[in-house]
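Laboratory data are not the source of any read-out in this text; all were calculated from the coordinates shown. Keep in mind the model is a prediction, meaning the values are calculated, not measured. We place every Cβ from the backbone using ideal geometry, glycine too, and count neighbours over all the protein chains shown.
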Amino acid sequence: MDALIANLSLGFSVALQPEALMYCLIGCLLGTLIGVLPGIGPVATIAMLLPATFALKPEFSLIMLAGIYYGAQYGGSTTAILVNIPGESSSVVTALDGYQMARNGRAGAALTVAALGSFFAGCVATILLAVAAPPLAEIAFKFGPAEYFSLMTLGLIAAVVLAHGSVVKAIAMIILGLLLGLIGTDVNSGMARFNFSIPELVDGIGFVVIAMGVFGFAEIIKNLEQGDESEVFVHKVGSLLPTMKDFKDAWPAVLRGTGLGSLLGILPGGGAVLASFSAYTLEKKIAKDPSQFGKGDIRGVAAPESANNAAAQTSFIPLLTLGIPPNPVMALMVGAMIIQGIQPGPQVMTEKPQLFWGMIVSMWLGNLMLVILNLPLIGMWIKLLTVPYRLLYPAILVFCCIGVYSLSNSPFDVVFTAIFGFIGYLFLKLGCEPAPLLLGFILGPMMEENLRRAMLLSRGDATVFVTRPLSATLLGIAALLLVIIALPAIRAKREEAFVEE
Amino acid sequence: MHLRNPKDFWAGVLFAAIGFAFAIVVKVAEYPMGTASRMGAGYFPFVLGTILGVLGLIIVAKALVSDGDRVPKFAWRPIIFILGAVIIFGLTAKTIGLALAIVVLVMIASFGGHEFRMKEQLIASVVLAIGSIAVFVYGLKLPFPIWPSFFN
């Protein structure tokens, strides 16, 4: 307890510096902005800003980037409620009931409940992060290469289970990602692999190049093909104050959403999107009168909005304690740390406590800022929604291009990003989710490294992965997950769960 | 031949081709395989490539005996104009400077949309160029030339 207080006060001393507050605010505002705007998400935004963070201090860079992720969760709900278009994929379900509330003239109440629910979830998740991270990092220090390899296997398998669509295709996407990650110089022998005599490929393909191509450009093309720009029709916001009945209905839903979201955020492959879907499904399952859902039930707003914000924050736990990113946004955070010369992993907490605790505390401060800023500023965000996509996408394109170009100041990365834009689009058309590919890409080199080390230590004995108890447990869970989704009953359920998307 | 599940079929073909290509490159370029205890540079990619190839074949096989969706039509117009604009930006930015490169990028990209409004897009591109230069070149100090190099 004393240690916790000491840690948190260290965090406050970092996060309350004027500069830190400023970057936190910038991150939150940017996050809300891209959250409100449909067609651009946190992955593309963070990828875009990554090169620019090079000049910042590591604390400030991470504080700002984190703000973008959870800020986007706040912003996404605004669009979902007011326009019935999810500003963010994690607020798809919020639109179901939120928009109906808006049609009944209760948009204000929905927005307030979403914001307060998110804030509550943010507070709980921050505390969870502060309490759970140190012991987890302790465990992580006991990990050898075999455990790391097994853990990454588990993470990748979990990503498959939680992705929607075909399991085999998702596994194939992961392996493709792993292979793409191996392009470039082999760290052990210094040999250049799969570079086809292209000098720029000796250092491998940049993560930003793939992320921006697959999530940025492919997304723009997809939006453009979807045809007519939908008319933005904004309802009157109405009173911001929820009624007493709203409060009574909403708070248990907020609690459940927070709990479920926190849990799903930690899981590899989880994150804000999955959390909001699951929370909505859970509410519908346990409600005495599920018929109200889809007609403007406040629980349908409160639960998913709390869940996505909680998950956005707890997904930092595996990143900060184990150095393993559970979703593409966290994979970008790995990139942001590496740019600053920080190797993500359990040692971050001991070697850079000011960074670690500063970031955690800034998340709480950021949530506070978001609640205070968002409700009064709602009019401004609504105005933004009236900007048509034909003006929006050139702007996104310009920022993406500048971001990619400045990675290494060469045309090469830009051309490669365009190629990955096409590849991403191609896979979308073939029904393959891009997120597992990105996870595989970031884990590829780490997995190879740990596999080699583990095998070297065991003198080529592959049973090392099942004879070490920790490693065996992790692999066991992975195997169990695979068996579970192969079961016909679960399979049907899983397909049903993702149909609503 | 009539394909019952074209979407999965082509996805499988693509995976199989890429997977085996990786495995073949390892062999052709003679990356050292090493032993299980001392893996060479070729070991892990060869194993992964082979697994991906086999998975691809499994997807193909499954697609032949099940029914599924067609591959949706490709929207070539946005693909060509958006990605084309990006590539041209990448290739020319250094020579023609950021200001002009952004205007060119926006103008080409706007052909990818549904309607093209010359005046509106021109204004938008100029505003974007000024804004980006202010933020990225003056604000974040990214090393971009602003004006074409032949001016200097």
Would you work out which of A:Ile342, B:Gly12, B:Phe89 lies farthest towards the positive end of the dipole of the protein assembly as shown, given +1 charges on the beta-carbon of Lys and Arg and -1 on that of Asp and Glu, about the Cα centre?
-> B:Gly12
If you rank B:Tyr31, A:Tyr405 by fewest surrounding Cβ atoms within 10 Å, what's the result?
-> B:Tyr31, A:Tyr405
Of the listed peptides A:88-95, A:454-461, A:317-324, what is their order by residue-averaged count of other C-beta atoms within 10 Å, with the highest listed first?
-> A:88-95, A:317-324, A:454-461
Anisotropy class of chain A from Cα gyration tensor, a/c 1.5 cut | rounded
Given charges of +1 on the Cβ of Lys and Arg and -1 on the Cβ of Asp and Glu, with all other atoms neutral, how large is the dipole of segment A:230-356 about its Cα centre, in debye to the nearest 20?
-> 280
Report, in degrees rounded to the nearest 10, the 0 to 90 angle that the Cα long axis of helix A:411-429 makes with the longest principal axis of chain A.
-> 70
In sequence order, what are the phi-derived ³J(HN,Hα) couplings for segment B:87-102 according to the Karplus relation 6.51 cos²θ - 1.76 cosθ + 1.60 with θ = phi - 60°, rounded to whole Hz, with x for glycine and proline?
-> 5, 4, 4, x, 6, 10, 3, 5, 7, 9, x, 5, 4, 5, 4, 5
Size of charge dipole - chain A - debye, nearest 20, with Cβ of Lys, Arg +1 and Asp, Glu -1, no other charges | 720
Candidate lysines - alpha carbon under 24 Å from B:Lys73, same-chain residues fewer than 8 apart omitted | A:Lys169, A:Lys222, A:Lys429, B:Lys7, B:Lys62
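Rounded to whole Å and sorted largest first, what semi-axes of the equivalent ellipsoid does the C-alpha gyration tensor of segment A:347-501 yield via the square root of 5 times each eigenvalue? Let's see the in-between values first.
Numbers: eigenvalues 292, 130, 118 Å².
Gyration-tensor ellipsoid for segment A:347-501: 38, 25, 24 Å.
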Mind checking the angle between helix A:244-266 and chain A's longest principal axis? C-alpha axes, 0 to 90 degrees, to the nearest 10.
-> 10
Of A:Gln17, A:Trp357, A:Phe207, whose Cα points farthest to the positive end of the dipole of chain A (charges on the beta-carbon: +1 Lys, Arg; -1 Asp, Glu; origin at the Cα centre)?
-> A:Trp357
Specify the angular offset, from 0 to 90 degrees and rounded to the nearest 10, of the alpha carbon long axis of helix A:488-499 from the longest principal axis of the alpha carbons in chain A.
-> 60
Assigned charges on the beta-carbon of Lys, Arg, Asp, Glu; segment B:17-77 dipole about Cα centre (debye) = 160
Going from the fewest other Cβ atoms within 10 Å to the most, one would list B:Tyr138, A:Tyr23 as B:Tyr138, A:Tyr23
As straight-line cross-link partners of A:Lys285, the qualifying lysines (C-alpha separation under 24 Å, not fewer than 8 residues apart within one chain) are A:Lys245, A:Lys248, A:Lys295, A:Lys493
Given the options B:Leu140, B:Leu105, B:Leu64, which has the most mean-square fluctuation in a GNM of chain B, springs set between C-alpha atoms less than 10 angstrom apart?
-> B:Leu140
A:Ala192's amide H: which non-local residues (gap 5+, or another chain) put their own amide H closer than 5 Å, with H modeled 1.01 Å from N in plane and none for Pro or chain starts?
-> A:Asp186
Classify chain B as rounded, prolate or oblate from the Cα gyration tensor: take a ≥ b ≥ c as the square roots of its eigenvalues, call it rounded if a/c is under 1.5, otherwise prolate when a/b beats b/c and oblate if not.
-> oblate
Starting at the first residue of segment A:458-464, write each ³J(HN,Hα) from the Karplus equation 6.51 cos²θ - 1.76 cosθ + 1.60 with θ = phi - 60°, in whole Hz, x for Gly and Pro.
-> 8, 6, x, 8, 6, 5, 4
From DSSP H assignment alone, runs of 4+ in the protein assembly as shown each adding -39500 (n - 2.57), the sum over residues rounded to the nearest 500 puts [θ] at 222 nm at -23500 deg cm²/dmol
Rounded to whole Hz, the Karplus (6.51, -1.76, 1.60) HN-Hα couplings of segment A:26-36, x for glycine and proline | 4, x, 5, 5, 4, x, 4, 4, 6, x, 5
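What's the exposure ranking of A:Val273, B:Val54, going from fewest to most Cβ atoms within 10 Å?
B:Val54, A:Val273
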Please state the relative contact order of chain B as a whole percent: Cα pairs under 8 Å, 6+ residues apart?
-> 23
Could you tell me which of A:Gly41, A:Leu426, A:Leu154 has its Cα farthest along the dipole of chain A towards the positive end, charges placed at Cβ (Lys, Arg +1; Asp, Glu -1), taken about the Cα centre?
-> A:Leu154
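If each residue of separation counts as 0.36 nm, what is the full-extension length gain between B:Val126 and B:His114 once their alpha-carbon separation is subtracted?
Details: separation 12, 0.36 × 12 = 4.32 nm, distance 2.08 nm.
Result: 2.2 nm gained on full extension.
Suppose R0 equals 30 Å. What FRET efficiency, 1/(1 + (r/R0)^6) with r the Cβ-Cβ distance, do A:Leu487 and A:Val466 give to the nearest 0.05? Walk me through the intermediate numbers first.
Numbers: r = 23 Å, r/R0 = 0.77.
It comes out at approximately 0.80.
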Taking B:Lys94 as the anchor, which lysines have their alpha carbon closer than 18 Å to its alpha carbon, excluding any fewer than eight residues away along the same chain?
-> B:Lys141
